[in-house]
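Structure, as structure tokens:
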Amino acid sequence: QKEVEQDPGPLSVPEGAIVSLNCTYSNSAFQYFMWYRQYSRKGPELLMYTYSSGNKEDGRFTAQVDKSSKYISLFIRDSQPSDSATYLCAMSESNFGNEKLTFGTGTRLTIIP
Amino acid sequence: DAGVIQSPRHEVTEMGQEVTLRCKPISGHNSLFWYRQTMMRGLELLIYFNNNVPIDDSGMPEDRFSAKMPNASFSTLKIQPSEPRDSAVYFCASSLVERDSDTQYFGPGTRLTVL
């Protein structure tokens with residue numbers, strides 16, 4: 001069993017819809033939870049991160065972490081065609097700039113205009 | 001800033017050949033990471049360096065893979081001999097370790113195809 005599980009999709013939704021992306025994990029030592037966005041033929045870029053449990057909002061994006069359930073989510077409101085990309089969840093036990101990241105396999109998202 | 005630079009962007013080689021992938025991290029960064037991405041396994045860490053010293057190479061698949069960082073501005077990942085199952089996109093990432101919760105900045109990747 002993988003340490004981080006993520007539904008690979010693909011997921012297609014109409015423009016303006018709310019998108020929900022999810023990951024589950026098994027390592028209770030994970031403290032930092034990240035979402036990366038990867039456009040086609042590009043490297044991943046950090047979208048947002050959360051430390052421990054709770055919610056974090058950044059514009060149209062909201063990240064949620066439930067450590068008791070080992071479950072994290074990313075919500076995208078008012079989705080735009082420019083949001084079409086692969087979304088990767090990632091986790092680490094400590095300072096994630098200098099630490100091994102464990103990634104999910106990614107969910108490919110398409111926003112239909 | 002130019003970001004993380006990787007070369008070549010694409011590499012096609014035949015089984016048994018040596019492959020060398022190159023990475024120039026962001027200037028001033030002192031951590032460097034090599035990842036491999038495949039459809040089946042996703043993004044996996046192969047090895048990472050702090051201040052040019054290898055810290056964790058547990059993700060290196062086997063002895064055919066080796067990585068070096070001779071100085072703060074250059075790293076290589078070598079595969080010798082290459083096999084078709086090595087076909088993947090290889091990413092290099094760098095970060096500044098002193099900043100807590102700083103991100104890893106990824107390069108554009110090298111798409112490797114071994115025939």
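What follows is calculated from the coordinates using simple rules that are stated; it is not laboratory data. Bear in mind the structure is a predicted one, so any value in this text is a computation, not a measurement. Here Cβ is always computed from backbone atoms with ideal geometry, including for glycine, and neighbour counts include all displayed protein chains.
Some points to look at:
- Stokes-Einstein D in µm²/s, Kirkwood radius over Cα pairs - the range B:36-104 at 4 °C with 1.567 mPa s viscosity: 97
- Chain A - Kirkwood radius from inverse mean 1/r over Cα pairs (Å): 14.0
- Value of Rg to Rh for the protein assembly as shown (Rh from inverse mean 1/r over Cα pairs, i.e. Kirkwood): 0.97
- Computed magnitude of the charge dipole of chain B (debye, nearest 20; Cβ of K, R +1, Cβ of D, E -1): 280
- GNM remark for chain B: springs join alpha carbons under 10 Å apart, and the peak mean-square fluctuation among B:85, B:41, B:22 falls on B:41.
- Using the Stokes-Einstein relation with a Kirkwood hydrodynamic radius computed over Cα pairs, the translational diffusion coefficient of chain B at 37 °C and a viscosity of 0.692 mPa s comes to 233 µm²/s.
- Unit charges on C-beta of K, R, D, E only; dipole of chain A, Debye: 160
- Label-to-label distance, nm, for residues given as residue A:40 and residue A:110 (7 Å Cα→Cβ offset): 0.9
- Cα lying deepest toward the dipole's positive end in chain B, options B:6, B:94, B:76, charges on Cβ: B:6
- Within a Gaussian network of chain B (alpha carbon springs, distance under 10 Å), most fluctuating of B:51, B:71, B:30: B:71
- Residue B:64-residue B:27 pseudo-label distance in nm [points 7 Å out on the Cα-to-Cβ vector]: 3.8
- Dipole check for the protein assembly as shown: with +1 at the C-beta of Lys and Arg, -1 at the C-beta of Asp and Glu, and the Cα centre as origin, the magnitude is about 340 Debye.
- Pair-distance distribution P(r) for the range A:1-54, from all Cα-Cα distances in 10 Å bins starting at 0: 17, 45, 33, 5 percent.
- Of the residues B:42, B:59, B:16, the one that moves most in a GNM of chain B with alpha-carbon contacts below 10 Å is B:42.
- For the range A:6-21 and the range B:1-71, distance of Cα centres in Å: 31
- Panel note: the C-alpha atoms of the range A:52-97, placed on their principal axes, show extents of 33, 20, 17 Å (largest first).
- Listed cross-link partners A:2/A:56; A:2/A:100; A:2/A:70 are compared with a 21 Å cut-off, the Cα-Cα value being larger for A:2/A:56.
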